[in-house]
Amino acid sequence: MVIAIVSLFLLTYIYEDSDSLIVINDSLTICGYHQYNSQVKVQNSRLTISKYMPAYDTTGWLYLNAPAITLQENTYINGTAMGYYGGTNSSPNGLGPGGGYAGSTSGGGGGGGAYGGNGGNGGGNPGAGGNAYGNAFDTLIYMGSGGGAGRLSGVEGFGGAGGACLTLHANSMTIDSVSIDGNGQNGDNAAIVAGGGGAGGGIIIKSYSCTIHNIMIAANGGNGGASEGYGGGGGGGGRVKIFYSSVLDTSNLAINLNPGIGGNGSWENGDAGLAGSIYFGYDVFIHEATIKPTATDVQCTIIMNGCLVYSVDRFPSYIEIFDITGKIQSRHRLSDKKNHISLNHLPAGVYFIRQEGNIRKSFIIMK
């Protein structure tokens, strides 16, 4: 009798060149912008976004751009506490546009950091929670801000860091059995004055055709720290945005953007933060240049009286103005090299302008 014994070893594999990033049964720490000519494939693996460091502008965020992105088989992307720093001895206020403030030197818990939702105030003579920033509906995404430190003459409890920022951008996107975390960090517990929680980070998925099954996404705010005196404020929730142009197929999709709770304090609790935002939208091949009043682009200018100036080399032609749902609000004939188009008919909001016959280039305007 012949007995065959076969040993199967789990293949671990990381490969990267200009065409592809492939990670199978392995782990990779990565940050910054990465564009590939063919594909990104991550299978049964862990990607960790490098923690934000002020001296390095590629840390705290990750942008993967390829014609095809496939994430599957228990893949995990970790951006928790990888965003803006919380308050410390050397810098008591949380970093970031919505950083929580440190407690007063007369005694107060640190305020929670903000991003998609406001941060909560700390207890006592508190540090104020940060204010939400960014927009729930546009195609821009940011890191979560840090919570403020608890302070009584000097700093006690440090603030929590915010969550990282992740962008997945592809023509064809397949995500199955995946977890993505960008949670804010809890504020530090302390004897008398605790730190505020960090805000949840930002996660955006942009694809022409998008299939998402069995995924859990979390960008929760961190909890405020607890103390025998004053608790820290909770961090605000982050933002999740999913844009598609043709097909969006989802099942078993769970998204959590909960605020951090305020930390307990024997004298006074910190306040909870506010929840973050979720948005599903239609993407009309947006050219990612935000045009504000008096700013210019090669073809498009907004001037202060609400008039759009659109220049073309060939005419007649047409432009279409879409709202954030992809619905056409108006269509305009371009009969000259330089055309003036009134925007007075549009209510305040975000709009996309696309020239007919050029679906690959559009402009964003914010009125």
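Relative contact order, percent, of the range 155-213 when contacts are C-alpha pairs under 8 Å separated by at least 6 residues?
Numbers: 131 pairs, mean separation 29.5, N = 59.
Normalised by residue count, the contact order of the range 155-213 is 50 percent.
Phi-derived couplings, Karplus 6.51 cos²θ - 1.76 cosθ + 1.60 at θ = phi - 60°, listed residue by residue for the range 124-133: x, 8, x, x, 6, x, x, 9, 4, 9 Hz, with x used for Gly and Pro.
Considering only the other residues whose Cβ falls under 12 Å of the Cβ of Tyr36, what net charge follows from Lys and Arg at +1 and Asp and Glu at -1? Mind dumping the intermediate values first?
Working: positive: Lys41; negative: Glu16, Asp17, Asp19.
Computed value for this residue: -2.
Over the chain, the pair-distance histogram of Cα-Cα distances with 10 Å bins from zero comes to 6, 23, 24, 22, 16, 6, 2, 1, 0, 0 percent, rounded to whole numbers.
Charge tally for Ser277 (other residues, Cβ to Cβ under 13 Å; Lys, Arg +1; Asp, Glu -1): +1. Close amide-amide hydrogen proximity is noted between Thr250 and Ile212, each under 5 Å apart and 5 or more residues distant or on a separate chain (H modeled in the peptide plane; Pro and chain starts excluded).
Database remark: amide H of Asp176 closer than 5 angstrom to the amide H of Leu71, Gln72, Glu73, His213 (H placed geometrically; neighbours at sequence offset of 5 or more, or on other chains; Pro and chain starts carry no H).
Using Cα pairs closer than 8 Å and at least 6 residues apart in sequence, work out the relative contact order for the range 28-96, in percent. Each step should come with its number before you reach the end.
On the way: 133 pairs, mean separation 24.1, N = 69.
Relative contact order, the range 28-96: 35 percent.
For the chain, which longest stretch is free of loop sites, where a loop site is one of the GluC sites (Glu not before Pro) that DSSP puts outside H, G, I, E and B and that has at most 15 other Cβ atoms within 10 Å? Segment 1-227 is the longest.
May I ask you to derive the FRET efficiency for Thr250 and Tyr318 from their Cβ-Cβ distance with R0 = 35 Å, giving the value to the nearest 0.05?
Numbers: r = 34 Å, r/R0 = 0.97.
With a Förster radius of 35 Å, E is 0.55.
Beta bridges from DSSP with both residues in the chain: antiparallel share about 30 percent, rounded to the nearest 5.
Cβ under 12 Å from Ile255's Cβ, Ile255 left aside: what net charge do those residues give with Lys, Arg +1 and Asp, Glu -1? Around Ile255, the charge tally is +1. The range 152-217 and the range 6-70 have Cα centres lying 18 Å from one another. Only Lys, Arg, Asp and Glu carry charge here, each on its Cβ (+1 for the first two, -1 for the last two); on that basis the chain has a dipole of about 980 debye about its Cα centre.
Please tell me the relative contact order of the chain in percent, rounded to the nearest whole number, where contacts are Cα pairs under 8 Å and at least six residues apart. The partial results should precede the final answer.
Details: 1557 pairs, mean separation 45.3, N = 367.
This gives 12 percent for the chain.
No lab work stands behind these numbers, since they all come straight from the coordinates. Please read these numbers as outputs of a predicted model, since none were measured by experiment. Note that each Cβ is placed from the backbone with ideal geometry, even for glycine, and that neighbours are counted across all protein chains shown.
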